[in-house]
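What follows is one structure encoded as structure tokens, with my remarks underneath.
The values are calculated or read from the model by the stated rules, or taken from the named source; none is laboratory data. Just so you know, these numbers come straight off a predicted model, no measurement behind them. Methodologically, a virtual Cβ is constructed for each residue, glycine included, from the backbone with ideal geometry; neighbour enumeration extends over all protein chains shown. Just so you know, the surface numbers come from the protein's heavy atoms only, side chains and all, with ligands and any DNA or RNA stripped out. Shrake-Rupley method; radii C 1.70, N 1.55, O 1.52, S 1.80 Å.
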Amino acid sequence: MSLKNATMPDTSWMNIIGDEFSQSYMHKLEDFLARETAAGRIIYPAAPDIFNALNATPFNKVSVVILGQDPYHGPDQAHGLSFSVRSGVALPPSLRNIYKEIEAEYAVKMPRTGDLTAWAKQGVLLLNATLTVEAAKAGAHQGKGWEMFTDAIIRALDARAAPIVFMLWGAYAQKKGAFIDRKKHLVLEAPHPSPLSAHRGFLGCGHFKKANGYLAQHNLPVIDWTKVS
């Protein structure tokens, strides 16, 4: 894999974080991905999907950020949006619990597709902290440089004048988002929706209605959480 084969972030993002691609950590990350590919290791998502979250949700359209850790590491799952899988792929356990929470908040039955592109198009930035992973090895690309890149994204959003809802689920996301200005933005925290922790406070958190209440209060379009691709 090479970042040269990736579909680069659109102009709205490149104008904000484009300089990151010339930083030494990004060059080291590019070299790492090239070495892993040369060694025959399978990397997810496919190169054209690495920056899918940024291309699906332009910078000025972001109203909600859902921060994940790293991409799914199973075949045909990851496509560049946190917690999302392509239509036709079985729902991962964390996404099933996300759907359970939406069903409880809105008294609806969610579709069985796991493609969250419709959320992204409404302004939900589905951002993983690490944008690639080795097949069958969760966290394999952590500490290689992606976190610096995604920190730059979060800092750029934090500096934006318009208020944003940040959903930080689990200790990892909460630590990564610790610098977000709580006076300017709404930060919603809960345990991770993983089956290991969802019953400790994610289920029943009310985050989706809280987010929409905040957006409405600031005269911003609310998200139709029941609409998925």
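Things to note:
- Each residue of region 181-197 was assigned a 3J(HN,Hα) from its phi angle through the Karplus curve 6.51 cos²θ - 1.76 cosθ + 1.60 (θ = phi - 60°); the sequence is 6, 6, 7, 9, 10, 9, 10, 9, 10, 7, x, 5, x, 4, x, 6, 9 Hz, with glycine and proline shown as x.
- Under the combined filter of DSSP loop state and at most 11 neighbouring Cβ atoms within 10 Å, region 167-201 retains these chymotrypsin sites (Phe, Trp or Tyr not before Pro): 179.
- A simple spin-label model places the labels of residue 14 and residue 34 2.1 nm from each other, with each point 7 Å out along Cα-to-Cβ.
- The translational diffusion coefficient of region 69-141, from Stokes-Einstein at 10 °C and 1.306 mPa s with a Kirkwood hydrodynamic radius over alpha carbon pairs, comes to 123 µm²/s.
- Label-to-label distance, residue 151 versus residue 121, with points set 7 angstrom from Cα along the beta-carbon direction: 3.5 nm.
- For the chain, with all protein chains in place and a probe radius of 1.4 Å, 54% of the accessible heavy-atom surface sits on carbon or sulfur.
- The chain: angle of helix 24-38 to the longest principal axis, Cα-based, in degrees nearest 10: 70
- Here the spin labels are modelled as points 7 Å beyond Cα on the Cα-Cβ line, and at residue 179 and residue 134 they lie 2.9 nm apart.
- Count Lys and Arg as plus one, Asp and Glu as minus one, and take only other residues whose Cβ is under 15 Å from that of residue 163; the net charge is then +4.
- Computed over the chain, the per-residue total of -39500 (n - 2.57) for DSSP H runs of n ≥ 4 gives a 222 nm mean residue ellipticity of -10000 deg cm²/dmol, rounded to 500.
- For residue 187, the residues 5 or more places off, or on other chains, whose built amide H falls under 5 Å of its own are 166.
- Amide H contacts of residue 192 (H built 1.01 Å from N, in plane; Pro and chain starts excluded): 170, 171 sit under 5 Å, all sequence-distant by 5 or more or on other chains.
- Near-label residues of region 3-18 by backbone N, under 17 Å of a point 7 Å along Cα→Cβ of residue 27: 3-4
- Net +/- balance of residues flanking residue 34 in space, Cβ distance below 13 Å, scoring K and R +1, D and E -1: +2
- For the chain, the per residue solvent-accessible surface stands at 44 Å², with DNA, RNA and ligands left out and a 1.4 Å probe.
- Estimated at 0.36 nm per residue, the fully extended path between residue 158 and residue 106 surpasses their Cα-Cα distance by 15.8 nm.
- In this structure residue 148 has an accessible area near 110 Å², from a 1.4 Å probe over the protein heavy atoms.
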